[in-house]
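To start, the structure under review is shown below, and the notes come after it.
No lab work stands behind these numbers, since they all come straight from the coordinates. Quick caveat: nothing in here was measured; it's all calculated off a predicted structure. Positions of Cβ are backbone-derived with ideal geometry, glycine not excepted, and every protein chain shown enters the neighbour counts.
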Amino acid sequence: MDIQVIKTEPYFDQICGTSGLRKKVSVFKQPNYLENFVQSLFNSLDGFEGKTLIIGGDGRYFNNQAIQSIIKLAIANQFGRLIIGQNGILSTPAASHLITKREAFGGIILSASHNPGGPNYDFGIKYDTADGAPAPQSLTDKITEHAKTIDHYWSVAIKDVKLSEIGEETIGNTVIEIVDSVKDYAEYMQEIFDFDAIRNLFKSGFKMHYDALNAVTGPYASYIFETLLGAEEGTVLNKTPLPDFGGLHPEPNLTYAKHFADMMYQDDAPDFGAASDGDGDRYMILGKKFFVTPSDSLSIIAKYMEEIPFYKGRFYGIARSMPTAPAVDSVAKSKSLPIYATPTGWKFFSSLLNAKKISLCGEESFGTGSFHLCEKDGIWAILFWLNIIAITNKSVQELTYDLWNEYGRTFTSTQSYEGLEIEPTNMMLDALKDKLESLEGQTFYNHKIVQTSIFNYTDPITGDEAKNQGYIIDFEDGRIFCRLSGTGSSGATLRMYYSCRTNRKELFSLDPVVALDDFIKAANEILQIKEFTGKDAPTVVT
Ligand code: VG1
Ligand code: CO
């Protein structure tokens, strides 16, 4: 097999964000752009010759073209085996699971997750290490350094590999194995949850809708919910992964999955509604005419964690990202478990999971996971809910009210301002930084600010530091947190996170945006969002 040395020129924008490299498809389609990044990745890794690489993606536009290029580079770079999801499909959690199950060196996942797909939208690439966890910052920094100086990559001139047929072939020194994308993951879920109990739940007439948003989870959901668990045919909606997600936005929240939320608020809505994002690592839970916030969902999973035998005696602690409202902290306290607050992005949870400091972790953006694998996992979270419902026989709403009655209700709202100009947004945050300390002691709309800080994080296991991860404004009775998104492909996205808590039962049914109104007004006054950005209102409210 002739290995070709292909000359190339560096690109200087190959910088990973919260979760891998995300750019417009047109950027990825520039000559050698993808190849440069992948070779820079390989140049940053040691000792993979002869080892296994997992490859798959969320099926968006450019997925399979990218896979064909990666196959050629991986063969030329002397990987021993490439394990690829059939038709190029692997959800992020399924890829993570395959990495550990097959003892791979690592895995490449082609996805821009919750960013829209199609020729005019986004593509992305991320790398998971041998523990199935997102590449740490130290590795992504190395990739960027290599990408700045790259002048050649290695490839082989072969025909495209057929991704549609399960089986093996050998090319050069590398075995190419196409595997069922769903099977191993579905088997693993059956080890974790009580499928018999959930099957009985569906047998008793329990009804569910699941919206795969034409993204990666369709095949997983159809097999797990309909085939294995006996949910009626038609439970899974939009189940075929499409290159442009059929025009749907692959981020399940009340703004972008409004069609689905509206359906769950009809009189004839099923008992349970769920959806997942582009690459299957996030989820959304709804009951009949009822929405569960991500921080409540995390808390409810924490509350019932040890009811699931897989976790019995293995509940070590909980972590949430700093912007995630502290609802779960009360659950941790009542169980005498340690609680950690990390920066945004799953990579910050992995060291805690691997060190058995925590068993459960979650983010306000609807990512939740456990030590079962080192990525967030949407279908796992949905199965967790189904298992809890099967055990308790309670509705989604009852389970949520139980939580509030026990611990009080934490109101949360994440308000994102997308498509902002970078410069005025940075000026706004610089101005906030300058006056942050002087805000302490000031009162806005009858709420007194008690403390402010810039969120800097030191990983308790690795000692790695992550600085400037956001601004915290703590009131006596609520919190504002703000930061810039690290997953966008153009402009800036400001994320404003609000939370406050009440034990007053008569307030439990308030709309969170109403409950948080004073803090939202305070934030606008403090940051002067409209003055700096020109935006009257957020684009996405969840
Ligand atoms: C967003 C979310 C964050 C999540 C990240 C990747 O990041 O806020 O919680 O971990 O997306 O998720 P940012 O930097 O845009 O706020 V995914 O499912 O898009 O890989
Ligand atoms: Co995702």
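What the table shows:
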| read-out | value |
| --- | --- |
| Count of region 29-49 residues which are under 22 Å from GLY132 (Cα atoms) and free of Cβ contacts under 8 Å to residues at least 60 places away in the same chain | 5 |
| Residue in region 203-222 that is surrounded by fewer than 15 Cβ atoms within 10 Å (Cβ to Cβ), outside any helix (DSSP H, G or I) and not basic (Lys, Arg) present | yes |
| Qualifying position, being within 30 Å of THR342 (Cα to Cα) and more than 25 Å from the chain's Cα centre (by Cα), among LYS203, LYS148 | LYS148 |
| Single residue of region 16-46 satisfying the filter (part of a helix (DSSP H, G or I) and of a type in the set (Val, Ile, Thr)) that is farthest from ASN115 (Cα to Cα) | VAL38 |
| Residue match in region 443-455 (condition: under 25 Å from the mean Cα position of the chain (by Cα) and away from ligand 2 (no atom under 16 Å from the Cβ)) | yes |
| Single residue of TYR417, TYR401 found to be in contact with a Lys or Arg (Cβ under 6 Å, 6 or more places away or on another chain) and on the phi < 0 side of the Ramachandran plot | TYR417 |
| Test: ALA325 is in contact (Cβ under 8 Å) with a residue 60 or more places away in the chain, hydrophobic (A, V, I, L, M, F, W, C) and within 16 Å of ligand 1 (Cβ to nearest atom) | yes |
| Which listed residue, of ALA135, ALA94, ALA112, is over 20 Å from GLY378 (Cβ atoms) and not β-branched (Val, Ile, Thr) | ALA135 |
| Members of region 451-464 that are in a strand (DSSP E or B), away from ligand 1 (no atom under 16 Å from the Cβ) and either within 26 Å of ALA112 (Cα to Cα) or in contact (Cβ under 8 Å) with a residue 12 or more places away in the chain (or both) | GLN451, THR452, SER453, ILE454 |
| Close pairs from region 331-342: first farther than 16 Å from ARG409 by Cα, partner aromatic (Phe, Trp, Tyr), Cβ under 6 Å, at least 6 apart | THR342/PHE348 |
